[in-house]
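The numbers here are math on the coordinates, done by the rules we state, and not lab data. Note that the structure is predicted; figures quoted are calculated from it, not measured. Here the Cβ is made from the backbone with ideal geometry for all residues, glycine too, and neighbour counts use every protein chain on show.
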Amino acid sequence: MCGIVWMRLLRPLESYPSPVWGLQKVFLLLQKQRNRGQDGAGILTYKANVPPGNPYFFHKKIVQPTPPWQFLIQSVWEEWEKWQREVKSPQSFPFVGEGYLAHLRYGTFGGYTLAETHPVIRQNSWASRSLAIAGNFNLTNAEALFERLVS
């Protein structure tokens, strides 16, 4: 029942018409799937080739107000407009990256909080040991999975 978007840009960011070209396409796909989830929405951006010590995952999730996907899109565009007014580098905007993962939640289990909204991130200081997931499922055994991951 959930709506999921995964998109990876294959060319360098500079070769696209706009720095937010990928973000625009992800939001278009979320709008097309709007009937797939009204309980929460989230987006994650992955930045490749960042210098050591800099973040490579950026995410934002929202559950209120309704419809959350619309307010998620609106809030990211407001951040983008503010970023442009401050004359910062477009590539340094948190939601400009090489990979995108977005999720529209249709709740079938649990509550309606940010904790149940995807994408879910297990972040490590090493990019190769980090995990970001979103899906049409509920992590009912999250504690057991976390213990197994740690061991």
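Among the trypsin sites (Lys or Arg not before Pro) within the stretch 86-151, which fall in a DSSP loop and have no more than 13 other Cβ atoms within 10 Å of their own Cβ?
Taking the stretch 86-151 and a limit of 13 other Cβ atoms within 10 Å, the loop trypsin sites (Lys or Arg not before Pro) found are Lys88.
Could you work out [θ]222 nm for the chain from helices alone, using -39500 (n - 2.57) per DSSP H run of at least four and dividing by all its residues? Round to the nearest 500 deg cm²/dmol.
Counting only the DSSP helices, I get -8000 deg cm²/dmol.
Size of the stretch 1-102 along its principal axes in angstrom, Cα-based, largest extent first?
Reported extents, whole Å, longest axis first: 37, 29, 29.
On a C-alpha basis, how far is the centre of the stretch 104-124 from the centre of the stretch 3-71 in Å? Whole number, if you could?
Here the answer is 16 Å between Cα centres.
Mind checking the log10 I(q)/I(0) for the stretch 77-151 at q = 0.11, 0.12, 0.24 Å⁻¹? Debye, one equal scatterer per Cα, no solvent, two decimals.
-0.44, -0.52, -1.16
Quote the charge dipole size of the chain about the Cα centre in Debye, to the nearest 20; the model charges only the Cβ of Lys and Arg (+1) and of Asp and Glu (-1).
With Lys and Arg at +1 and Asp and Glu at -1, about 260 debye.
Give the calculated FRET efficiency between Glu79 and Ala142 to the nearest 0.05, with a Förster radius of 30 Å applied to their Cβ-Cβ distance.
Working from the Cβ atoms, E equals 0.55.
Just want the answer: with Cβ charges of +1 for Lys and Arg and -1 for Asp and Glu, which residue in Tyr56, Pro90, Leu10 is farthest toward the dipole's positive end in the stretch 3-150?
Projecting each Cα onto the dipole axis, the largest value belongs to Leu10.
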